[in-house]
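The values are calculated or read from the model by the stated rules, or taken from the named source; none is laboratory data. These numbers were taken from a predicted model, which means no experiment stands behind them. Glycine also receives a Cβ, built like all others from the backbone with ideal geometry; neighbour counts cover every protein chain displayed.
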Amino acid sequence: MTLNIRGLGVGGKGSWVRECKRVNEIEFLLLQETQCSYVNGINLVDFWGNSEFLEDHVDASGRSGGLINLWDKKVFDITETVWDRNFLLSRGFLKGDGSEVNVLNVYGPQNVVEKWILWGKIGELISRFQGLWVVAGDFNSVRVRVVTDMRNSMFNSLAANDFNSFINDVILHEYALKVSKTLEEFEGFGAPDVRLMSKFRKLRQAINTSKDEVKMVENEDEVINRNEIEELEQILDDRNLSKEENWIWVESKKRLLELDRFKRLDLRQPARNKWAGLGDENTKYFHGAINKRKAVNSIMGLKINGVWVSKPVKVKKEVYNYFRNRFVERWKVWLKLVCQKLGRLSDEEGVMLIDSFSDEEIKEAVFGCGDDKAPGPDGFNSKLANWK
């Protein structure tokens, strides 16, 4: 369970967290914004309920920030801790099956540039350590504009884009399977094939609806980024942009290029589908040539003993018998070649052929080699070799 506690010292929070932990059977608890510069002075038993736990913490800077990780010591065996002002990583193993787990507690800063730096640090951590990852906390960032959640706050599209890019880069998606919900809610009637076609139709409608929603969000994102670029360019006519404004200007342009790439990919996919269905002008010719070759090479039937047979089993059997008779061994005893008065080696000469070479023979062969003959593996011949 993860919770922005907004201060540990307020009365009643300990019992409330303890009850949530008990009801939901929590074994790992992540708290953000503890606002405590000295956590060791806090009785964390009030939050956990007993003393069967261990903890890691990052002290707050004054009244800002602060992180605490608490876990059941019978479940999780910690091996390493990584601290930072804005995150707390507890690495270890589950005692049940030995799985390596990384639990990262995050409290994001308010500044856009500092958020971008934090996403980079977290990305480096995830790429450095193996095992399963649980990344939770208060990121102080949103992924999309939701009017009901704004509460008089300003939506920063560039910060949201950067947050989404971070999620994509480190593969921290939790995909909402809306299509599966559509299939679960489907009710069909009639024959099985009718129900199946109705289910496909319902699925296609759900996919089209989801696609339209994505396009609507991307179009809104494009308008927001273009407006921000125009506003910053108007400011640029009067003064130089600040470091943060310049970063926003660059990221807005980058996001527009990314959205344009998405549109081009969407246009390319229907073109591929059309080509797959219709092909091009040459496809008909090549398919015709292949089909003609198949027709010529096909054996539709054979005349066996004067009778035309087209049954595949009999045709295969006749072809098999033909090649078996073609390559069968007809001669039981082969003729022997007898040659009179042929010279042959003596027994002593035969032994000499299989005998090992002596050092004298090797030396005689090497020194008797011509100067321009027999180059070695290095390309040098006997004339250039340095013999000893």
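Residue check: is VAL250 modelled with pLDDT of 80 or more and farther than 30 Å from ALA159 by Cα?
No; evaluated as a whole, the condition is false for this residue.
Run down ASP84, ASP77, ASP72 and say which single residue is among the charged types (D, E, K, R), over 25 Å from VAL217 (Cα atoms) and touching a helix residue (DSSP H, G or I) at 6+ places or on another chain (Cβ under 7 Å).
So the residue among ASP84, ASP77, ASP72 that is among the charged types (D, E, K, R), over 25 Å from VAL217 (Cα atoms) and touching a helix residue (DSSP H, G or I) at 6+ places or on another chain (Cβ under 7 Å) is ASP84.
Given the conditions (1) acidic (Asp, Glu); (2) at pLDDT 85 or above; (3) part of a loop (DSSP other than H, G, I, E, B), report the number of the one that GLU329 does not fulfil.
Failed condition: (2).
Farther than 27 Å from GLU25 by Cα, charged (D, E, K, R) and in contact with a strand residue (DSSP E or B) (Cβ under 8 Å, 6 or more places away or on another chain), is that true of LYS121?
When the stated conditions are applied, LYS121 passes them.
Of all residues in the stretch 60-84, count the ones that are buried (at least 17 other Cβ atoms within 10 Å of the Cβ) and within 12 Å of GLY7 (Cα to Cα).
Of the residues in that region, 5 qualify.
Is it the case that the stretch 24-39 has a residue that's under 23 Å from GLN130 (Cα atoms) and part of a loop (DSSP other than H, G, I, E, B)?
Yes, there is a match, as at least one residue in the stretch 24-39 is under 23 Å from GLN130 (Cα atoms) and part of a loop (DSSP other than H, G, I, E, B).
Between a first residue in the stretch 312-332 that is closer than 22 Å to MET300 by Cβ and a second residue that is surrounded by 10 or more Cβ atoms within 10 Å (Cβ to Cβ) and not aromatic (Phe, Trp, Tyr), which pairs have beta carbons less than 6 Å apart while being 6 or more apart in sequence or on different chains?
Here the result reads VAL315/LEU302; GLU318/LEU302; GLU318/ILE304, each pair linking the stretch 312-332 to a residue that is surrounded by 10 or more Cβ atoms within 10 Å (Cβ to Cβ) and not aromatic (Phe, Trp, Tyr).
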